Amino acid sequence: MYPFTFEPILKEIIWGGTDIRPFKGLPAGSEKIGESWELSHVEGNYSTVANGPLAGQTIDDLIRRYGSTLLGKKTVQQFGTTFPLLIKFIDAQDNLSVQVHPDDRLAQQRHHSPGKTEMWYVVNATPGATLYSGFSRPIDADEYLRRVADNSLTDVLQRYDVAPGDVFFLPAGRVHAIGAGCFVAEIQQTSNITYRIYDYDRRDAEGNTRPLHVDLARDAIDYTASPDGRTTCTPIANTSVPLVTCKYFTTSLLYADKPIKRDLAALDSFVICILTEGSALIRDNDGHELALHCGQTVLIPAATQHLQIIPSPHVTLLETHV
């Protein structure tokens with residue numbers, strides 16, 4: 001095995017923008033691309049290997065062929081043969097819906113699926129860009145239904161002005177919404193379950209509104225007030241800076257302006273590197289080399305012992321593992 005890149009799965013969405021293609025170095029297009037699924041094992045959206053002798057194979061093919069050598073023994077013990085993370089870039093030209101995701105218990109009960117805990121790393125933001133994460137004060141289910149009915153739910157959500165480098169951790173159950181002007185990298189459980197609560201009465205080209213899931217969301221919501229869910233990270237040159245640690249993933253930020261070596265031997269997990277700025281050459285302990293640029297995501301197999309990162313001249317990336 002070797003470091004894998006994948007063909008992006010581009011999603012045209014009503015609120016999407018035009019920044020994902022240039023960010024990733026893709027040919028220009030006129031679509032409103034809201035999301036690029038960088039690495040996915042969601043049914044119907046399996047990522048396809050883009051590089052090397054296994055190009056054309058899906059992430060599902062890799063897991064069936066390599067198992068714990070790709071994922072790590074502890075990952076297989078915890079998540080079985082499902083790749084446990086979904087990696088996205090999100091470009092919000094308009095506001096996303098206000099939404100919530102169920103936890104593992106409720107998602108398994110209703111959908112036979114894992115829940116959805118996630119995090120955002122703000123790659124870029126236009127002046128004045130904001131997002132919502134959690135309630136500004138505790139409410140209850142009755143107030144929730146009343147505010148949905150009179151379109152005032154956002155009045156009790158915690159609103160944040162955002163800037164590049166901001167980090168938000170969103171456990172399942174936290175009501176949230178990305179605002180217009182935000183470009184984020186999202187790391188989440190492998191789940192595509194979203195309960196849409198409020199969509200600004202937005203209509204598509206045919207005049208149709210998108211379906212809402214107000215009643216389903218009622219039992220999924222954490223109605224307590226959220227602590228400040230934002231982490232402003234200060235990069236330290238050539239040092240891995242922790243961002244988020246939870247039972248589903250651990251994510252760090254790495255800014256490098258000189259060659260560095262990452263020791264992965266003790267992790268017993270795959271590592272995902274998401275390049276948010278710059279470019280680099282990576283080289284594993286078996287001598288496999290891969291040139292990467294901004295907007296690319298690479299999967300490092302669990303069997304990899306160490307990885308050398310050679311920036312050109314600098315690179316910023318997110319490192320994620322289980």
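We did not get these values from a lab; they are worked out from the coordinates using the rules stated. None of the values given here were measured: they were computed from a predicted structure. Counting neighbours? That spans all protein chains shown, and the Cβs are built from the backbone with ideal geometry, glycine included.
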Spin-label pair Ser136/Ser30, simplified geometry with 7 Å Cα→Cβ offset, distance in nm = 4.1
query = How much net charge surrounds Ser191 when only other residues with a Cβ under 11 Å from its Cβ are counted (Lys, Arg +1; Asp, Glu -1)?
reply = -3
message = Highest mean first, how do 21-27, 61-67, 94-100 rank when packing is the count of other Cβ atoms within 10 Å averaged over residues?
response = 94-100, 61-67, 21-27
message = Expected output is a single nm value to one decimal: the length gained when fully extending between Asn192 and Arg65, i.e. 0.36 nm times separation in residues minus the C-alpha distance. What is it?
response = 43.2 nm
inquiry  = Give the lysines reachable from Lys258 as a straight Cα distance under 28 Å; neighbours fewer than 8 places away on the same chain don't count.
reply    = Lys24, Lys88
remark   = Summing -39500 (n - 2.57) over every DSSP H run of at least 4 in the chain, dividing by its residue total and rounding to the nearest 500, the 222 nm mean residue ellipticity is -3500 deg cm²/dmol
request  = In debye, nearest 20, what is the charge dipole magnitude of the chain about its Cα centre with +1 on Lys and Arg Cβ and -1 on Asp and Glu Cβ, if you could check?
outcome  = 500
message = Whole angstrom only: what separates the Cα centroid of the range 53-88 from the Cα centroid of the range 98-168?
response = 29
request  = Mind putting a number on the dipole of the range 202-322 about its Cα centre? Charges go on the C-beta only, +1 for Lys and Arg and -1 for Asp and Glu, and I need it in Debye to the nearest 20.
outcome  = 180
key: Correct choice for Cα Rg over 2.2 N^0.38 Å that was computed from the model, options (1) 1.22; (2) 1.62; (3) 0.99   = (3)
note = Output ordering of 248-259, 72-83, 48-59, 199-210 (per-residue mean of other Cβ within 10 Å, highest first) is 248-259, 72-83, 48-59, 199-210
remark   = Nearest-0.05 FRET efficiency for Asp263 and His213 at R0 = 45 Å, using Cβ-Cβ distance, is 0.50
request  = In whole Hz, with x marking every Gly and Pro, tabulate ³J(HN,Hα) for the range 251-261 from phi via Karplus 6.51 cos²θ - 1.76 cosθ + 1.60, θ = phi - 60°.
outcome  = 10, 10, 10, 10, 10, 10, 10, 8, x, 9, 10
query = So what's the net charge close to Ala125: Lys and Arg +1, Asp and Glu -1, counting the other residues with Cβ under 13 Å from its Cβ?
reply = -3
key: Residue of His101, His112, His293 that the Gaussian network model of the chain assigns the largest fluctuation, springs spanning Cα pairs under 10 Å   = His112
key: Charged-residue dipole, Cβ positions (Lys, Arg, Asp, Glu), the range 1-155 about Cα centre, Debye nearest 20   = 540
request  = Please list 161-174, 227-240 highest first by mean number of surrounding beta-carbon atoms within 10 Å per residue.
outcome  = 161-174, 227-240
His111 versus His306: modelled label distance in nm, points set 7 Å from Cα along the beta carbon direction = 4.2
remark   = The answer for the net charge of residues other than Ile310 whose Cβ lies under 15 angstrom from its Cβ, with Lys and Arg +1 and Asp and Glu -1, is +1
